[in-house]
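> Have a look at the structure that comes next, please.
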C-alpha cells in the first residue's frame, strides 16, 4: 500500500502542478493517521506557493483518486498531508511482503573471523550473530548470500602459541594433543606466549623466528618437525572448536567460504609487488602506502623482513574473493569499529589497483562488547570466551525455567544471547546483562518467544484461526495497523543493514498485543472470528521476525 500511495501522490503532483517530486511517506503517531508526507512543503519551494494551499488541493484530488483505499486525508500544521487507510485497504496490507529489491544479486558477507590458536571471544560471538542476521535480512529481499569467514592461521599470535606449547611438551608427561584438547587450553598457550614476548627478549627473538618459519612452511620450505606438528594439530583443533560453537548457534557458512591468511598473505604480497612504484613505495626496507593522498594516513603493507602485514593480506583476500565469486554484486566485511581507519586505508589502496572491486566492498563496523561483570581484555589473551558466556546464559535459563524441556531451554538461552546482541544498533557499544537477557519481562528474546507461544495457545484453545473481518473496531485497528508495518520495517532494516529495527518493532508489537488482549475479549466474543484472525497474523509475524533474526520460535514454553 505504501508504494502505491507514494506513486499516486507523485502522479497528483504532476497532474495538478506539473511538478516532479520524489514522495516519501512516514508513519506518524496513530492519532494523526497511517501515513504522512511533507510533499506539499517541498513543492512550495519549487512553485513559490504557500504549502498549505498546495496541501489542500492535493488532499481534494487524492480523496477522489483513492476513495476506495483512503478513508481520510487531512492537512496538518504548515502543510503536512496525513492519510488514514480504509479498513479494507489496511487489512489487505497485512499480506505485504518485504521488497525483493535484491533478487538476482549475490552478496558476500564476511563475519566472525576467529583466529586459530586463540580463544573465540565475545567479540567474535557478537560479530557472528550480527553477520548471520544481516545475511538473513538480505536473503529476505531476494539476495543469494555467501557467508564467509577469514582466519589468521599465520602471524605473531600463532608463533606465540606455538612457542608456549613447544616449551610445555618438553615435559614428557605432556603431549601436543593434550595442549589443544579443551577450548580453554587453545587460548591459554597464546596468552602465555604473548606475555613472554613482552617481557623476555630471548622469547621475543624465538617467537619471531617461529613466525618466519611458519611463513616459510607455507612457501613450501621444510621446518622443524615438532613445530610443524604443533602447528597442524593446533590449527585442526581450533577449527573443530569453532565449528562446535557455530553448530550450537545454528550459523552455517558457505561450503567454500573459509579463507586463511596463509593464502591471502601470499596473494597480497604478490599484489603489492605488482603495484610497487605505482601504488606503493619502499621506505626503510618496508613497503608502504601513503594514505595522505586520500586524506588518510600511511600504513605498512610489507615489513622490512619481507612479510605481508594485515593490510597486504586483506588486499589478497579481496582478490581471492573476487576470483571465487566473480559475479558478486557486493562484498560486506563486518568487524569491530577499531578497524575502521585501517579499512579506509586498505580500500583506498585497493581503489587505485582495482576501482571496481573496491567500489563493491563495504566495511561495516560494530561497537565494543562487555559484560556487566567486567570488560574483555585484549592482546593479553585473558578474554571472556564465547563458550563461557553461552554456558553462563544456559545455566541461567535452566535455573529460571526448570520445568521447560531441554529443547525449549536450548531455544531460550540462544534467544537470550542473540536478541540481546541484535536489539542494539550496530556501531554502539553493548553491555550484556545475563539476568536481563533471560527475563520474561522487558525487551528480551525469551519475552518475545513467550509472547508467540501465548498467542498460539489462544488459537489452540479456540480450535480455530478465525477469518478476515470486513471492518475493524478501534482496538482491532490499532493491532492491524502495527502488523502492517512489518514488511516496511524489514525493508528499512535491510536497506541500512540494521537488524535492531526488527527487534524494536517486534517488542512494540508484543506490547501492543498485550494491551489489545487486555481490553478486547477474543474467545467467546461475538467478534471472535475477526480477533482470532488478528491473533494468528500476530503470531505469524512474531515467528517470521524472530526467525529472520536467527531465533527459534517454540510453539509452547
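> Could you list, in sequence order, the residues of segment 194-222 that are crowded, with 17+ Cβ neighbours inside 10 Å and either closer than 16 Å to residue 241 by Cβ or over 35 Å from the mean Cα position of the chain (by Cα) (or both)?
Across segment 194-222, the qualifying residues are 196, 197, 203, 206, 207, 210, 213, 217.
Here's the yes/no breakdown for (1) in a loop (DSSP other than H, G, I, E, B); (2) buried (at least 17 other Cβ atoms within 10 Å of the Cβ); (3) not assigned by TED's automatic domain parsing to the domain that holds residue 238:
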| site | (1), (2), (3) |
| --- | --- |
| 15 | no, no, yes |
| 20 | yes, no, yes |
| 31 | no, no, yes |
| 55 | no, yes, yes |
| 63 | no, no, yes |
| 68 | yes, no, yes |
| 81 | no, yes, yes |
| 112 | yes, yes, no |
| 123 | no, yes, no |
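> I've got another one for you. Is it the case that residue 191 is over 33 Å from the mean Cα position of the chain (by Cα) and either within 29 Å of residue 129 (Cβ to Cβ) or in a helix (DSSP H, G or I) (or both)?
Details: over 33 Å from the mean Cα position of the chain (by Cα): no; either within 29 Å of residue 129 (Cβ to Cβ) or in a helix (DSSP H, G or I) (or both): yes.
No, not satisfied.
> Something else about it: Got a sec? Which of 246, 227 is over 19 Å from residue 181 (Cβ atoms), in contact (Cβ under 8 Å) with a residue 12 or more places away in the chain, within 19 Å of the chain's Cα centre (by Cα) and assigned to a helix (DSSP H, G or I)? Let's see the steps before the verdict.
Numbers: 227 fails: within 19 Å of the chain's Cα centre (by Cα).
Result of the check over 246, 227: 246.
> Out of (1) in contact with a strand residue (DSSP E or B) (Cβ under 8 Å, 6 or more places away or on another chain); (2) within 22 Å of residue 504 (Cα to Cα); (3) in contact (Cβ under 8 Å) with a residue 60 or more places away in the chain, the odd one out for residue 420 is which?
(3)
> Turning to a different aspect of this structure: Identify, by number, the condition in (1) touching a helix residue (DSSP H, G or I) at 6+ places or on another chain (Cβ under 8 Å); (2) on the phi < 0 side of the Ramachandran plot; (3) not assigned by TED's automatic domain parsing to the domain that holds residue 265 that residue 157 doesn't meet.
Failing condition for residue 157: (3).
> Could you tell me whether segment 373-383 includes any residue that is within 26 Å of residue 155 (Cβ to Cβ), modelled with pLDDT under 90 and crowded, with 17+ Cβ neighbours inside 10 Å?
yes
> I need the helices (runs of 4 or more DSSP H) fully contained in segment 451-557, keeping only those with at least 1 residues that are surrounded by fewer than 18 Cβ atoms within 10 Å (Cβ to Cβ) and within 24 Å of the chain's Cα centre (by Cα).
Numbers: elements: 474-483, 486-496, 500-519, 528-548.
Per the criteria, 486-496, 500-519, 528-548.
> Looking at segment 391-433, which of its residues are surrounded by fewer than 18 Cβ atoms within 10 Å (Cβ to Cβ) and closer than 14 Å to residue 126 by Cβ?
Result: 425, 427, 428, 429, 431.
> Here's a follow-up. Going through segment 33-51 one residue at a time, which ones are surrounded by fewer than 17 Cβ atoms within 10 Å (Cβ to Cβ) and in a helix (DSSP H, G or I)? Give the steps one after another, and end with the answer.
Pass one, segment 33-51, residues surrounded by fewer than 17 Cβ atoms within 10 Å (Cβ to Cβ): 45-50.
Answer for segment 33-51, where residues must be surrounded by fewer than 17 Cβ atoms within 10 Å (Cβ to Cβ) and in a helix (DSSP H, G or I): 45, 46, 47.
> Residue 142 versus (1) buried (at least 24 other Cβ atoms within 10 Å of the Cβ); (2) part of a loop (DSSP other than H, G, I, E, B): which is the lone unmet condition?
Every condition holds for residue 142 apart from (1).
The values are calculated or read from the model by the stated rules, or taken from the named source; none is laboratory data. Computed from a prediction, not measured in an experiment: that's the story for all the values here. Counting neighbours? That spans all protein chains shown, and the Cβs are built from the backbone with ideal geometry, glycine included.
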